[in-house]
Amino acid sequence: MDDLVTSWQDFQGKPFPPECAGRGIQGIDLVALDTFTAGCISTYIERKGQLDTQRRTILQTCIQELQTVTAQLEGTNQAYFVQLLRLASECSTS
């Protein structure tokens with residue numbers, strides 16, 4: 001859990017890619033995806049590895065959508081969402 005917290009704190013210091021604001025990929029709004037995923041990760045950390053059923057379902061949807069969008073992005077935009085996907089995936093395996 002300590003590694004996740006450290007990785008999350010590092011990620012939170014990164015700005016959202018400005019090129020992704022207002023952008024959608026295959027009907028997925030990138031700002032909303034970032035927001036919902038971040039909310040689930042924050043809750044997971046705050047609750048020391050616990051998510052309620054609703055948030056676990058939201059997180060699984062976010063992971064699927066992150067897999068979709070990362071395949072369509074490039075460069076630093078892709079790197080941002082790949083890192084978010086890694087963090088989300090770590091929360092879903094516990």
A careful count of residues in segment 13-24 that are surrounded by fewer than 15 Cβ atoms within 10 Å (Cβ to Cβ), touching a residue at least 24 places away in the same chain (Cβ under 8 Å), in a helix (DSSP H, G or I) and not acidic (Asp, Glu) gives 0
Subset of segment 71-94 that is modelled with pLDDT of 95 or more and assigned to a loop (DSSP other than H, G, I, E, B) - its residue that is surrounded by the fewest Cβ atoms within 10 Å (Cβ to Cβ): Glu74
Taking the condition loosely packed, with under 13 Cβ neighbours inside 10 Å, out of contact with any Asp or Glu (no Cβ under 6 Å at 6 or more places or on another chain) and over 16 Å from Thr93 (Cα atoms), does Gly27 pass? yes
Among Thr35, Thr68, which is of a type in the set (Ser, Thr, Tyr), over 10 Å from the mean Cα position of the chain (by Cα), in a helix (DSSP H, G or I) and closer than 25 Å to Glu19 by Cβ? Thr68
Within segment 34-58, count every residue that is crowded, with 16+ Cβ neighbours inside 10 Å, without any contact (Cβ under 8 Å) to a residue 40 or more places away in the chain and either among the polar types (S, T, N, Q) or within 15 Å of Val82 (Cα to Cα) (or both). 1
Select, from Ile58, Ile41, Ile45, the only residue that is over 13 Å from the mean Cα position of the chain (by Cα) and either at pLDDT below 95 or in a helix (DSSP H, G or I) (or both). Ile45
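The values are calculated or read from the model by the stated rules, or taken from the named source; none is laboratory data. Since the structure is predicted, the reported quantities are computational estimates derived from the model, not experimental observations. Reconstructed Cβ throughout: ideal geometry from the backbone, glycine too, with neighbour counts over all protein chains shown.
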